[in-house]
Amino acid sequence: MHQNNKLQKLPPGREKVETIEILRQLSISSNALGELKGIAKTIPNQEMLINAVVLQEAKDSSEIENIITTQDELYEALTTNTKQLRHVKEVINYRSAIFSGFELIKKQGFLKIKDIEAIQKTIIENNAGIRSIPGTVLKNDKTGEVIYTPPQDKYEILDLLSNFLEHFNVKQNDLHPLINLAILHYQFESIHPFYDGNGRTGRILNILYLIINELLDIPILYLSSYINDNKADYYSLLNKVNQTNEWSDYIIYMLKAVEVTSKQTIKKISSIKILLNETIYITQEKEPKIYRKELIELLFEQPYSKIEFVVDRLNVERKAASRYLKKLEEIGILKSKKIGRENVYINTKLIDILKKQ
Ligand SMILES: Nc1ncnc2c1ncn2[C@@H]1O[C@H](COP(=O)(O)OP(=O)(O)OP(=O)(O)O)[C@@H](O)[C@H]1O
Ligand SMILES: [Mg+2]
């Protein structure tokens, strides 16, 4: 028989979450994240960066839930009017949930229970809301064995969520926000307020928390790829906290995830910057007449571009827009592809960078 301990309210005892090992990893992780925040600012067009990274995260995070799609499928769905398949749609929903969460944080600077419900609803697309019928348990995928039973009573869930939000919105202690991030993530997943989508909602809360605490200005750090690569540890460490009240290994895992993903994202941003400059240079050299800063930036904001986008962005006729895109294809910047009845122009070198971890 499985048994777990009743979920405790926040905060945990300080001595449990501020060990020497934690502090050692903390300084490495917070440096890496600081560097990421800095380099992100040097990208001239922030929209461009957010679009690219958020779509990748939507894909990775959904993959934890076994929703597998490709970059190409996603961009095709976003750019053209082809019918969206279920698995593609879920990833696109996840992307919308990140964007609306980010807008909310920018506007009001904190979250309410109903905001978390809205995020989950955008991802899952149903109205079930917070669990009110008992029976939800977490099982081992392979053996079917019950590993963890979250609180079952709706009022207990709501009470735990208010306690969670008190800590999420306002720092209640002087712990470093990255330590709090790990604690909050454990707590949210253990409350497990919804029937489904708790993992994905929790991963969006993570990025919003980083922004609230000004560790980042824009939503570009995601732990999903790390969790995907180290999934068994992730589950067993969450479980360890509940079973033993030993937080250290779990917190170090989360801090390590911040370090590794920050470094990956820094690399990615550097490659994007190099490609952007190269693209500007080649266009100015080979097609100086069509060169416009906004045109090149558009190709980075929308790696799958089409005539309408150029018309809107540059305020030019369709004919001119079409000529620009064709010229850019001739000089090797874009590759065209027919999808349904539409022609799209793909910034393939950017897509290659985005595909790399
Ligand atoms: N032992 C555990 N204790 C607390 N939380 C757990 C435990 N095992 C798994 N979880 C959390 O439950 C999440 C899965 O819950 P749920 O299926 O509702 O979310 P999801 O978004 O649909 O799935 P996924 O996270 O797999 O994409 C995991 O991501 C993890 O964070
Ligand atoms: Mg699920």
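For a distance above 20 Å, tell me the whole-number percent of Cα pairs in the stretch 262-349 that qualify.
Looking at the stretch 262-349, the distances longer than 20 Å represent 32 percent of pairs.
Could you sort 72-78, 119-125 so that the peptide with the highest average Cβ count within 10 Å comes first and the rest follow in order?
Going from most to least packed, we get 119-125, 72-78.
With +1 on each Lys and Arg Cβ and -1 on each Asp and Glu Cβ, and nothing else charged, work out how big the dipole of the stretch 240-357 is about its Cα centre, in Debye to the nearest 20.
Once rounded to the nearest 20, the dipole reads 420 debye.
Taking Cα atoms, how many degrees apart are the long axis of helix 113-124 and the longest axis of the chain, rounded to 10 and kept between 0 and 90?
60 degrees
What are the semi-axes of the equivalent ellipsoid of the chain, taken as the square roots of 5 times the eigenvalues of the Cα gyration tensor, listed largest first and rounded to whole Å?
Values for the chain, descending: 41, 22, 17 Å.
Quick check: pseudo-label points 7 Å beyond the Cα along Cα→Cβ at K355 and E308, how many nm apart are they?
Reported label-point gap for K355 and E308 is 2.6 nm.
Ratio of alpha-carbon Rg to the 2.2 N^0.38 Å globular estimate for the stretch 205-276, to two decimals, please.
With N residues counted in the stretch 205-276, Rg over 2.2 N^0.38 Å equals 1.30.
Need one word for the stretch 16-140: rounded, prolate or oblate. Basis is the Cα gyration tensor (sqrt eigenvalues a ≥ b ≥ c); a/c below 1.5 gives rounded, then a/b vs b/c decides.
It comes out oblate by the Cα gyration axes.
Provide the packing ranking of 95-104, 154-163, 201-210, i.e. peptides ordered by the mean count of other C-beta atoms within 10 Å per residue, highest first.
201-210, 95-104, 154-163
If packing is taken as the average count of other Cβ atoms within 10 Å, what order do 314-321, 265-272 fall into, highest mean first?
Descending mean neighbour count gives 265-272, 314-321.
Just from the alpha-carbon atoms, what are the Rg and Dmax of the stretch 62-196 in angstroms?
17.1, 51
Quick one: dipole size for the chain, taken about the Cα centre, charges +1 on Lys/Arg Cβ and -1 on Asp/Glu Cβ, in debye to the nearest 20.
Taking the Cα centre of the chain as origin, the dipole is about 1020 debye.
In whole Hz, what ³J(HN,Hα) sequence does the stretch 135-143 give by Karplus (6.51, -1.76, 1.60; θ = phi - 60°), x for Gly and Pro?
Karplus values, whole Hz, x for Gly and Pro: x, 6, 9, 9, 10, 6, 3, 7, 8.
Quick check: pseudo-label points 7 Å beyond the Cα along Cα→Cβ at D153 and K41, how many nm apart are they?
For the pair D153/K41, the computed spacing is 4.9 nm.
Using only alpha carbon positions, build the gyration tensor of the stretch 196-347, then give the equivalent ellipsoid semi-axes as the square roots of 5 times its eigenvalues, largest first, whole angstrom.
Rounded to whole Å, the semi-axes are 44, 17, 14.
At a Förster radius of 30 Å, what calculated FRET efficiency corresponds to the Cβ-Cβ distance of I282 and F99, to the nearest 0.05?
0.40
Placing +1 on the Cβ of each Lys and Arg and -1 on the Cβ of each Asp and Glu in the chain, which of I28, Q302, Q264 has its Cα farthest towards the positive end of the resulting dipole?
Towards the positive end, the residue furthest out is Q302.
No lab work stands behind these numbers, since they all come straight from the coordinates. Remember, predicted model here, so these are calculated numbers, not experimental data. Quick reminder, even Gly has a Cβ in these numbers, built from the backbone with ideal geometry, and neighbours come from all protein chains shown.
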